[in-house]
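Some notes on the structure that comes next.
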Amino acid sequence: MIAAMSRSGLTAGPVLHPVLGAILSKSQPAVMGVLNVTPDSFSDGGQFIAPEQALAQAQRMIAEGADIIDIGA
């Protein structure tokens, strides 16, 4: 389970996942990359269906500053 907390509520309760705590403790907003892995994706035309392509795209987003990757399947 992951605790949902606002940045101002960091001391209000436990953060149950270490990655979430690290993201919420940053002083600037987190950046989220969206990776669509479905063939009918309207935004990328299904170009990340193969696992190798999806992984390469996720790594590219991280290298460009994404803190979170939202994988749409």
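Listed values, structure above:
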item: Restricting segment 21-36 to residues that are of a type outside the set (Gly, Ala, Ser) and open to solvent by less than 40 Å² (accessible area, probe 1.4 Å), the residue that is nearest to residue 73 (Cα to Cα); result: 36
item: Test: residue 8 is modelled with pLDDT under 65 and over 25 Å from residue 56 (Cα atoms); result: yes
item: Within segment 47-56, considering residues that are under 12 Å from residue 73 (Cβ atoms) and not in a helix (DSSP H, G or I), the one farthest from the chain's Cα centre (by Cα); result: 49
item: Subset tally (residues that are closer than 25 Å to residue 29 by Cβ and open to solvent by 50 Å² or more (accessible area, probe 1.4 Å)) for segment 43-66; result: 6
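The values are calculated or read from the model by the stated rules, or taken from the named source; none is laboratory data. Bear in mind the structure is a predicted one, so any value in this text is a computation, not a measurement. A quick note on method: Cβ atoms are made from the backbone with ideal geometry, for glycine too, and the neighbour counts reach across all protein chains shown. Keep in mind that these areas ignore ligands, DNA and RNA; they rest on the heavy atoms of the full protein, side chains included. Shrake-Rupley method; radii C 1.70, N 1.55, O 1.52, S 1.80 Å.
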